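The structure appears below as structure tokens.
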Amino acid sequence: MGMATPVDGFPGGADARRRTALVRMLLGACLIGSNGLMVRISGLPPTVSAFWRMALAGVLFAAMVTFYRGWKPIPARAWAWLAIPACAFAADLWLWHRSILIVGPGLATLLGNAQVFFMALAGALLFGERIGAAFVAGLALAAFGLWLLLGGDWASLPPAYRWGVWLGLGTGVCYAGYNLGLKRTQSEADCDAPGAASTEQVLCFAALGTALLLGGIVRAEGHSFAIPDLRTWLILLALAGIGHCLAWSLISRAMAKLPVTLVGLLLLLQPLIAFLLDVLVLRHDARPREWLGLGLALAGIFVAGMKRRPIPEPIA
């Protein structure tokens, strides 16, 4: 009897692809976890840093497509779906960059990862995934953890800080919309098929569409697009090249092969990395109550995101 070969049609092929997708998702999530820190230390207005992140990312993705797989036609249905991740991510970054400056990278990233709950709800409504007692228990646990992180007294927090918390939660809604819209766009473009547009090509157009929307907002807000010095340029290049291009190339290649709920679960490394960087680099004086709150919030998100039974392929 011949040995099993890890290719399509042979035993072990599906497991190998799943392991590769898991590794890509984990690495991508860790890289994205550093984005909040880079936004904070850039010193730019929130919409300006968001614009340059996406504009530079679009250029870098365009270079990757040109020298890697070349440009391929994208079906009309994929173009229609592409508008969703572009608009959702523009809203995501507008909200999240402001939340970072108000409540810090760690908490802002944790709040943005409320996307797990919104993705789980979308999984139930759109893809037939089951939501049961674990989801409710996880939501309650995450809410209690957030209550501890905020000091246990919402009413005593400054109005600006409370606004930053709401901005972070709004980021989670937009983040879920981006993930789901991008997943559907990849499916419509059939990125894994021979001769089809690559994942990087889809990400390139999504990034440029997001930058276009954010550029209009920068003008409306009356800010300048000018970059003050070389240090800021290097931070923006790292934010675009590592925190967006490399991270989302890894994540996007992985998410097409993983269930919706598992995608949200693996992205939980983002708030953990962001919180650690907030403490280690920005010298955030985290109290024991905050560490406990962070642990409970992450545990709640984990419990809520657990998959209880096999589900069909997320995208029809």
For this session: Take the stretch 1-23 and flag every residue that is open to solvent by 80 Å² or more (accessible area, probe 1.4 Å) and either in a helix (DSSP H, G or I) or at pLDDT 80 or above (or both).
Result: ASP15, ARG17, ARG18, ARG19, VAL23
Problem set entry | Condition broken by LEU182, with the remaining ones in (1) more than 20 Å from ALA62 (Cα to Cα); (2) of a type outside the set (S, T, N, Q); (3) in contact with a Pro (Cβ under 9 Å, 6 or more places away or on another chain) satisfied | (1)
For this session: For the stretch 48-65, indicate whether the set of residues that are closer than 21 Å to GLU290 by Cα and out of contact with any Phe, Trp or Tyr (no Cβ under 7 Å at 6 or more places or on another chain) is non-empty.
Result: no
Seminar exercise, completed: Counting only helices (runs of 4 or more DSSP H) entirely within the stretch 34-119, those with at least 1 residues that are surrounded by fewer than 24 Cβ atoms within 10 Å (Cβ to Cβ) are 35-42, 46-67, 76-103
Seminar exercise, completed: Residue hits (the stretch 258-316; open to solvent by 60 Å² or more (accessible area, probe 1.4 Å), aromatic (Phe, Trp, Tyr) and at pLDDT 85 or above) are TRP291
Exercise. Which is modelled with pLDDT of 90 or more, over 19 Å from the mean Cα position of the chain (by Cα) and open to solvent by less than 50 Å² (accessible area, probe 1.4 Å), of GLY216, GLY222?
Worked result: GLY216
Problem set entry | Residue check, ALA143 modelled with pLDDT under 90 and surrounded by fewer than 16 Cβ atoms within 10 Å (Cβ to Cβ) | yes
Problem set entry | Whichever residue in the stretch 162-197 is assigned to a helix (DSSP H, G or I) and without any contact (Cβ under 8 Å) to a residue 60 or more places away in the chain and, among such residues, is surrounded by the fewest Cβ atoms within 10 Å (Cβ to Cβ) | TRP166
For this session: Could you look through the stretch 129-140, keep only residues that are assigned to a helix (DSSP H, G or I) and within 22 Å of the chain's Cα centre (by Cα), and pick out the one that is farthest from LEU107 (Cα to Cα)?
Result: PHE135
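The values are calculated or read from the model by the stated rules, or taken from the named source; none is laboratory data. Computed from a predicted structure; not experimentally measured. A quick note on method: Cβ atoms are made from the backbone with ideal geometry, for glycine too, and the neighbour counts reach across all protein chains shown. Remember, those area values only see protein heavy atoms, side chains included, never the ligands or the DNA or RNA. Shrake-Rupley method; radii C 1.70, N 1.55, O 1.52, S 1.80 Å.
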